[in-house]
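For reference, the structure is listed below as structure tokens.
What follows is calculated from the coordinates using simple rules that are stated; it is not laboratory data. Treat the numbers as computed from the prediction; the structure is a model and nothing was measured. Virtual Cβ from ideal backbone geometry, glycine too; neighbours counted across all protein chains shown.
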Amino acid sequence: MRGIEVLFLGNNMLRLLSGLWVTVRLALISIGFSLVLGSALGAVMTLKNPVVKVLTRVYLEIIRIMPQLVFLFIVFFGVTKLTGANLSGEVSAVIVFTLWGTAEVGDLVRSAFGAIPKHQFESGASLGLSKLRLYLYVIFPQALRGLLPNIINLSMRMIMTTALVSLIGVTEVLKVGKQIIDANRFDYPNAAIWVYAAIFLLYFLICFPLSLISRRLAKRRADK
Amino acid sequence: MNFLKKIGAVISAAILTLSLAACANTENSSGASGGSESGSFRTIDEIKAEGRITIGVFSDKMPFGYVDNSGDYQGYDVYFARRIAQDLNVELELVPVEAASRVEFLQTAKVDIILANFTVTEERSRQVDFALPYMKVALGVVSPDSAVISSADELNGKTLIVVKGTTAETYFTENYPDVKLQKYDEYNEAYSALQDGRGDAFSTDNTEVLAWAMSNPGFTVGVESLGSIDAIAPAVTKGNTELLDWLNEEIKALGEEQFFHADYDATLAAVYGDTVDKDNLVVEGGEM
């Protein structure tokens, strides 16, 4: 058990929690922007226009091919080199995660609308619903149900990927853990396993409820 | 058909990515060769006018730059950083950097100075401007108390433990062909070999062996400085001569009050011990 006391030395517990807050805040802000922009992108992607199709496709593929770390470096350092504008680490991170999230949400929205059978539109229309009401009462609820588990899934991936931001000078929970391990490496050489266990627990506490919700939603959908 | 489309998308995406990378590259090389035209770094007047200097330090490299259990920055580099801010009469903002991104932080002027155990190398000197050194690293040799090796010549005919790919391996292969080398892939393997008595001594960077001997009673660093000596120095953005000159003057002035010896006592002594000859690690007045 030697080493576990490191977690309770000084402000360490508080520092880990505030590191976790940095992680969660980055993910929340990014996913918020992604939902708004991604829904718009998804709507655009359903258009049959070939130019739009190619452009959105290229955007999506670039985002998916490029490792997030490279992307972070390009935005954090590259933008400053090209334009002289000095973006902070957190702003760069939000930009990168929003661009990524927008692409993913856009594709999810597109496929969610695509998955709704044509007869749903037709039967809605034949009931005399206006276009707005058709979407509001028939199409959106169905699309949303398929969408939510995937969005939650994406949020969890984003929370875990935020660990990369320490490379551009943002101190999130994993980096705080490394700092604690290093500062105590002579007095408590076995601290690493306990610090990592604590971080695992913190990630778990954030992600497990999300995972539960996602599973419940998916199940409810299957039952219908 | 669909498959073809996908390939097309992948190729066009790849081309775009490559062209982006190429842009970044050319930007890089022009910055490195010309330097002065970047103009985004801050002069001393600008730093003073804003009342704040930003210095990049390590946040998890004890004892050079780390964050203690209260959440405050500490270490040999941080101690110096605090003095710089004090002498400029400005506030200090410490920015946590990683080894891999130190050059980038300077090239984009996101920090004014890097003080992160930055070893002077020829390649780095083309990308950033190094000031005078404030610390140095060489090789050290650690051996058991029962049979202390106190000079490299005593190793002839004996077995020396080294880690593959380190400077110690190259140095002893070239200069001491009579020393039998026992090579390991990992540091912890090498240390266990020394503890088990599989070799007579172990050699690697002196900072590394000194710290290890300190926390492992029964072992002594008999040779504290050996081989070519690497300088560790502050770095500024290429072309920021004004700040560079100020730093050089500062380091010379601090030499008179033996500032870095005090820095050693405050930060490194706990890890390397008091018995070490400080002049094997500390550089005063920029004179190696």
Within the set A:SER30, A:SER123, A:SER39, GNM on chain A using Cα springs under 10 Å gives the largest fluctuation to A:SER123
For the stretch B:145-288, the Cα convex hull volume per residue in Å³ comes to 135 Å³
One checks the Cα atoms of the stretch B:137-229 and finds Rg and Dmax, in Å, of 11.4, 31
Taking a ≥ b ≥ c as the square roots of the eigenvalues of the Cα gyration tensor, with a/c under 1.5 meaning rounded and otherwise prolate when a/b exceeds b/c and oblate if not, the stretch B:74-205 is prolate
Restricting to Cα pairs under 8 Å and 6 or more apart, the percent relative contact order of chain B works out to 23 percent
Straight-line reach check, A:LYS175, cutoff 20 Å on alpha carbons, 8 or more apart in-chain or any other chain, hits among aspartates and glutamates -> A:GLU5, A:GLU90, A:ASP187, B:ASP60, B:ASP68, B:ASP72, B:ASP77, B:GLU93, B:GLU98, B:GLU104
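Taking a ≥ b ≥ c as the square roots of the Cα gyration tensor eigenvalues, with a/c under 1.5 meaning rounded and otherwise prolate when a/b beats b/c, else oblate, which class fits chain A?
Judged from the Cα gyration tensor, chain A comes out oblate (a/c at least 1.5, b/c at or above a/b).
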Of the listed pairs B:LYS136/B:LYS158; B:LYS48/B:LYS252; A:LYS81/B:LYS136; A:LYS178/B:LYS48; B:LYS48/B:LYS238, those with alpha carbons more than 26 Å apart are B:LYS136/B:LYS158; A:LYS81/B:LYS136; A:LYS178/B:LYS48
If every Lys and Arg gets +1 and every Asp and Glu gets -1 at its Cβ, then about the Cα centre the stretch A:4-223 yields a dipole, in debye to the nearest 20, of 800 debye
Low-density loop GluC sites (Glu not before Pro), the stretch B:171-259, at most 13 other Cβ within 10 Å, DSSP non-H/G/I/E/B, are B:GLU186, B:GLU257
With no solvent term and unit scatterers on the alpha-carbon positions of the protein assembly as shown, Debye gives log₁₀ I(q)/I(0) at q = 0.06, 0.07, 0.08, 0.11 Å⁻¹ of -0.40, -0.53, -0.67, -1.07
Of the residues A:ILE139, A:PHE97, A:LEU154, the Cα lying farthest along the dipole of the protein assembly as shown towards its positive end, which is defined by charges on the beta carbon of Lys, Arg, Asp and Glu, belongs to A:ILE139
Excluding residues fewer than 8 positions from A:LYS48 in its own chain, the lysines with Cα under 18 Å of it are A:LYS118, B:LYS5, B:LYS6
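Which value in deg cm²/dmol, rounded to the nearest 500, describes the helix-derived mean residue ellipticity at 222 nm for chain B, given -39,500 (n - 2.57) per DSSP H run of n ≥ 4 and division by the residue count?
Result for chain B, helices only: -12000 deg cm²/dmol.
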Kirkwood radius from Cα pairs of chain B plugged into Stokes-Einstein at 37 °C, 0.692 mPa s, gives D in µm²/s equal to 154 µm²/s
